[in-house]
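Each remark here refers to the structure printed beneath this line.
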Amino acid sequence: MRRGVVVAVLLLATATLGLGQDNASTEVSTERQEIELLKQKIAELDQRLRIAERKDELKAEDAAAKAKSGVSLDAVAAKENALENKVKGFGPFSFSGDLRLRHESLFGSGPVNGTEPATRNRERYRVRFNINAKLNDEISGGFSLASGDLGDPISTNSTETGFFTRKPIAVDKAYATYRPKFFKPFNLTAGKFGYTWYRTELTFDNDINVEGSSQQIGWDWKDKPLSHFAVIGFELPLLEITNGSDSAIFGEQVQTGWNLGSRVKATADVAYYDYKNPNTIAQNQTNGNGFATQGTATGQGGTYGFSAATLTNSFGVINGARQFGSKFGILDSIFQLDLDTGLKRFPITTLFNFADNTRACENVAAFVTAGVAISCNARDRQGYWAEAQFGQTKNKGDLRFGYTFMRIEREAVVSAFNASDIRQPTNVAQHRIEGAYQAYPNVTLALTTFIGRQLITAQTPTEERWLKRMQFDFNYKF
């Protein structure tokens with residue numbers, strides 16, 4: 001292109017000189033000499049331009065060769081990003097997931113006056129795959145698959161054991177959300193979905209995806225002391241029974257967010273969980289696989305058999321069926337502070353969660369009527385969760401450190417559904433120490449140590465050693 005422009009200009013000059021030649025016949029000889037000189041210059045410029053264009057072609061070929069061979073990292077990264085974006089999005093659908101590899105060691109525990117149990121080591125993995133869709137401006141939804149034992153709602157871990165047998169992967173989420181244009185503060189979610197309210201593992205484990213429906217109405221304001229206000233309701237069926245009373249959780253939460261200055265934000269939330277007919281939980285909580293044992297008697301009045309959590313709430317047997325000593329109406333309060341330290345990579349978050357079972361030991365009357373003895377202390381009704389986090393794991397090179405203390409009394413929460421990694425679900429004192437490093441944009445390395453033992457009470461008077469549980473995690477997200 002450059003050579004063509006120059007040649008055109010020089011030819012125009014030649015033509016102009018030629019015109020002058022017709023009008024000045026007395027200078028023909030001189031002008032012919034000038035024309036020949038210009039032609040020589042045109043030839044020289046043309047040759048130089050050809051050489052320059054060839055150099056440009058060689059540079060382009062060299063860059064392509066480097067990109068193909070992997071020498072040009074920028075070119076390779078650009079191609080990878082383009083491919084990743086194509087994979088993550090297809091029409092209204094987007095895809096994501098994660099893989100976690102874990103080594104876990106457990107040592108300690110047992111009565112202090114007895115033999116200490118042998119150290120336990122195991123390798124575990126978790127894999128999850130998510131599909132999200134925005135079907136239109138008002139309706140969205142999602143679908144997820146996850147690993148884990150089918151009868152364990154509080155964990156998606158699969159243990160590397162069983163003589164190389166294949167491990168199950170099952171539906172973890174399947175839901176739709178409706179957000180009407182005519183009233184944007186409102187939304188409705190139904191199906192099997194992640195938590196729509198805020199909670200900690202004091203009440204519900206992180207790996208649970210609940211089933212049922214949830215409604216929310218909420219508002220957010222910028223630069224106001226009150227930055228967020230929402231009311232959330234949810235209806236969560238637990239067990240549908242053909243000839244009998246169904247079991248379910250009905251709950252609601254009031255959420256508030258606060259700006260307490262340019263560097264301090266706070267949230268204060270209060271929820272209430274009302275368990276209807278919770279005895280079916282006791283009757284089916286058998287540390288078994290639900291799909292494997294469904295349809296067979298568990299020996300305690302149930303026919304399903306689920307959960308890997310230990311049943312640590314007070315219970316007894318009436319007419320061959322397990323029943324709780326308590327009913328469960330749990331008042332759950334959470335207060336959180338987020339502090340901007342001025343260091344972008346090192347924010348501070350502190351949180352305090354208090355749970356109170358307002359219906360502790362209310363089912364003892366049924367045991368008295370049946371003439372069955374049961375031990376249930378109505379004072380063992382409260383749970384405490386205090387947590388502090390320093391740092392974050394968002395960008396490569398980030399660090400995060402955390403500490404949590406938990407004290408969960410026997411009747412405070414339902415032991416089938418809260419934190420799965422602690423010493424036991426209730427009647428426990430527990431420490432958790434965390435450290436994490438963002439090694440790559442999509443890779444996090446973490447070390448978590450749990451140190452816990454059961455509380456000394458009238459029901460558990462024997463002191464035991466602290467159980468130490470160490471988890472080394474490799475997390476990859478895509």
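Using the structure shown, list the pairs from K134/K181; K134/K224; K265/K396; K173/K477; K173/K327 with a Cα-Cα distance above 20 Å, or answer none.
In this structure, K134/K224; K265/K396; K173/K327 exceed 20 Å between Cα atoms.
Can you work out the Karplus-derived ³J(HN,Hα) for every residue in the range 156-168? Use 6.51 cos²θ - 1.76 cosθ + 1.60 with θ = phi - 60°, whole Hz, and x for glycine or proline.
So the J values, rounded to whole Hz, are 10, 6, 10, 8, 7, 7, x, 6, 6, 5, 5, 9, x.
Grab the beta carbon distance between F335 and N442, set R0 = 35 Å, and tell me the FRET efficiency rounded to 0.05.
Efficiency for this residue pair is about 0.60.
Using the per-residue mean of other Cβ atoms lying within 10 Å as a proxy for protection, in what order, highest first, do the peptides 128-140, 428-440, 412-424 fall? Please report the intermediate quantities before stating the final value.
Values: 128-140: 14.4, 428-440: 17.8, 412-424: 24.5.
Packing order, densest peptide first, comes out as 412-424, 428-440, 128-140.
Amide H to amide H under 5 Å from C361: which residues, 5+ apart in sequence or cross-chain, H placed 1.01 Å off N in plane?
Correct list: S326, K327.
So what is the relative contact order for the range 97-477, in percent, with contacts set as C-alpha pairs under 8 Å and at least six apart?
Working: 1058 pairs, mean separation 54.5, N = 381.
The normalised contact order for the range 97-477 reaches 14 percent.
According to the square roots a ≥ b ≥ c of the eigenvalues of the Cα gyration tensor, what is the shape class of the range 230-321, taking rounded for a/c under 1.5, prolate for a/b larger than b/c otherwise, and oblate for the remainder?
prolate
Whole angstrom only: what separates the Cα centroid of the range 111-132 from the Cα centroid of the range 268-342?
Rounded to whole Å, the Cα centres lie 21 Å apart.
Could you sort 370-377, 115-122 so that the peptide with the highest average Cβ count within 10 Å comes first and the rest follow in order?
The peptides rank, most packed first, as 370-377, 115-122.
When the Karplus curve 6.51 cos²θ - 1.76 cosθ + 1.60 is applied with θ = phi - 60°, which whole-Hz ³J(HN,Hα) does each residue of the range 245-252 get, with x for Gly and Pro?
Coupling constants for the range 245-252: 7, 6, 10, 6, 10, 10, x, 8 Hz.
Take the alpha carbon gyration tensor of the range 324-430, find the square roots of its eigenvalues, order them as a ≥ b ≥ c, and report rounded if a/c is under 1.5; if not, report prolate when a/b exceeds b/c, else oblate.
Details: a/c = 4.31, a/b = 3.03, b/c = 1.42.
Here the range 324-430 falls in the prolate category.
One-quarter of the Cα convex hull surface for the range 182-300, in nm²?
10.1 nm²
Can you give me the distance in nm between label points at S94 and Q40, each placed 7 Å from the Cα along the Cα-to-Cβ direction?
6.9 nm
Full-extension gain between F352 and A268, please, as 0.36 nm times their residue separation minus the C-alpha to C-alpha distance.
29.3 nm
Can you tell me how the range 97-477 classifies by the Cα gyration tensor, rounded, prolate or oblate, using a/c under 1.5 as the rounded cut?
Verdict is rounded for the range 97-477.
All of the numbers you see were taken from the coordinates with simple rules; none came from a lab. Computed from a prediction, not measured in an experiment: that's the story for all the values here. Neighbour counts are summed over all protein chains in view; Cβ atoms, including those assigned to glycine, are modelled from backbone coordinates with ideal geometry.
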